[in-house]
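The values are calculated or read from the model by the stated rules, or taken from the named source; none is laboratory data. Because the structure is a prediction, the values reported are computed rather than measured. Neighbour counts are summed over all protein chains in view; Cβ atoms, including those assigned to glycine, are modelled from backbone coordinates with ideal geometry. All accessible areas refer to the heavy atoms of the entire protein, side chains included, with ligands and DNA or RNA removed. Shrake-Rupley method; radii C 1.70, N 1.55, O 1.52, S 1.80 Å.
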Amino acid sequence: MLSHFFSAGFRPMFLLGAIWSALCVLLWIAISSGLTTFDHPWVALDWHVHEMVFGYGSAALAGFLLTAIPNWTGREAVKGTSLALLTGIWVTGRAAVFWLPSTSPILAALIDVSFPIALCVVSARELIAANNRRNFLVVAVVATFAFANLAFHWQAIGDGLASQSGSARFGIVALILLISIIGGRIVPMFTRNWLKAQGADAIPPAFNRFDGLVLIATAPALTLWALHPDVWVTAPVLALTGLLHVLRLARWRSAMTWREPLLVSLHVGYGFMPLGMLLLALAIMVPEIQPTAGLHALTAGAIGVMTLTVMTRASLGHTGRKLKSHPMEAVFLGMVIVSAVLRILAGLTFSDLLLQASSSLWICGFGLFVIRFLPIVIGPRVDTVTP
């Protein structure tokens with residue numbers, strides 16, 4: 001069983017990441033509703049934000065990169081003892097952030113940050129060995145993610161407002177940039193392949209100058225927001241960038257994918273990204289609107305829905321199964337999409353009821369993912385099983 005579990009990066013990282021995502025939200029609801037106390041030197045919100053962005057986010061990122069890089073380079077995947085060691089570093093990081101900050105905050109930071117640094121080193125090594133220059137930008141974004149994590153620790157053990165700092169925003173920016181880059185490749189590609197199989201004539205265009213323009217605009221716009229989230233000039237820059245992503249998504253034939261949940265959720269997940277940018281811009285211009293709605297459009301919406309969909313597709317495709325959604329997959333993807341929508345609405349209306357409903361759907365959605373894929377990721381590929 002362990003030989004199968006550590007045979008590919010998506011197996012341990014996606015499974016453990018999904019478990020941790022559900023547990024973190026469950027604990028956060030218990031803390032915020034007063035059902036339990038949080039005996040921790042960090043502000044409770046700091047822990048929640050850190051573990052959702054840098055805890056779950058790093059697991060989803062690692063599972064994707066460790067699975068995708070062999071396809072990019074043609075080199076053998078990281079597996080076996082090396083993968084088990086990487087997984088162990090991630091698990092140790094979660095334990096360190098939970099238990100060590102009260103006694104050894106610097107040690108907790110070093111243990112936790114060692115995972116994204118290790119992921120960055122491994123990714124760079126593979127790309128350099130294959131001279132795969134096209135994806136060097138991905139390594140740079142992962143390095144930014146690691147640095148943001150370190151800065152978050154520094155802020156959390158200082159004045160305890162790390163969740164509202166630039167370090168938290170840069171962690172989100174890194175993940176959103178990767179969705180812009182990688183999602184901009186896979187969403188139209190998967191859609192194109194599926195539509196061709198359906199005999200459709202109208203298919204998404206290949207990556208062109210417009211896509212390049214969108215990516216060039218996105219990095220400085222998000223950087224400006226991370227550094228100056230309240231300055232008025234940030235609003236039009238974010239709004240313009242969001243509209244560019246709306247135009248980009250409009251070219252991908254989203255309406256034609258309604259019959260396949262594994263495609264619909266990719267398009268919906270990508271759509272949360274421009275929505276988040278537009279809501280953040282609106283919050284700057286209209287003081288009565290809190291930025292929470294825009295933040296959760298980016299995090300629960302874009303990051304949550306996109307990562308869960310990619311986790312589902314990779315767990316099916318890389319274990320030899322057809323990329324056709326099972327009813328349970330349609331249910332848990334739908335749950336997380338609705339959870340994101342409700343979380344955005346809760347940020348706009350300050351409704352505790354919507355917040356509780358959103359959290360419950362998130363926990364159930366990721367919980368169902370674990371139930372569905374636990375036997376799959378600990379077992380062999382179906383096309384290697386002899387009758």
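Within a Cβ distance under 13 Å of Thr312, other residues only, what is the Lys/Arg minus Asp/Glu net charge? Residues close to Thr312 contribute a combined charge of +3. Is the shape of segment 107-149 best called rounded, prolate or oblate, per the rule: a/c under 1.5 gives rounded, else a/b larger than b/c gives prolate, else oblate, with a ≥ b ≥ c the square roots of the Cα gyration tensor eigenvalues? Cα axes put segment 107-149 in the oblate bin. Out of every Cα-Cα pair that segment 68-219 contains, those further apart than 23 angstrom amount to 51 percent. With a probe of 1.4 Å, find how much accessible area the chain has per residue, and write the answer as a whole number in Å². On a per-residue basis, the chain sits at 43 Å².
Convex hull volume of the C-alpha atoms in segment 152-199, normalised per residue: 67 Å³. Placing a label point 7 Å from the Cα of Ala206 along the Cα-to-Cβ line, no residue of segment 131-170 has its backbone N under 12 Å from it.
Among residues other than Ile31 whose Cβ falls under 13 Å from its Cβ, what is the net charge (Lys/Arg +1, Asp/Glu -1)? Net charge in that neighbourhood comes out at -3. Charge dipole (Cα centre; +1 on Lys/Arg Cβ, -1 on Asp/Glu Cβ; no other charges) of segment 1-95 amounts to roughly 340 debye.
Only helical runs count toward this figure. For the chain, summing -39,500 (n - 2.57) over DSSP H runs of n ≥ 4 and dividing by all residues gives -23500 deg cm²/dmol at 222 nm. To put it simply, the accessible area of the chain at a 1.4 Å probe is 69 percent carbon and sulfur. Counting only Cβ charges, +1 for Lys and Arg and -1 for Asp and Glu, the dipole size of the chain around its Cα centre is about 1480 debye. Selection among Leu249, Ile203, Asn149 by position relative to the dipole of segment 129-271 gives Ile203 as farthest towards the positive end (Cβ unit charges, Cα centre). Diffusion of segment 187-238 by Stokes-Einstein, at 37 °C in a medium of 0.692 mPa s and with Rh set to the Kirkwood radius over alpha-carbon pairs, works out to 245 µm²/s.
These residues, Lys322, Lys196, Lys79, go from largest to smallest accessible area, 1.4 Å probe, as Lys322, Lys196, Lys79. Seen from every direction in turn and averaged, the convex hull around the alpha carbons of the chain projects onto 19.2 nm². Scoring 33-40, 347-354, 153-160 by mean Cβ neighbours within 10 Å over their residues and listing the highest first yields 153-160, 347-354, 33-40.
Modelled label positions at Gln290 and His4, each set 7 Å beyond Cα in the direction of Cβ, lie 4.5 nm from each other.
Once all protein chains are placed together, Ser114 keeps about 40 Å² accessible to a 1.4 angstrom probe.
With contacts taken as Cα pairs under 8 Å and at least 6 residues apart, the chain reaches a relative contact order of 18 percent. Of interest is the spacing of the C-alpha centroids, which for segment 88-114 and segment 197-249 amounts to 35 Å.
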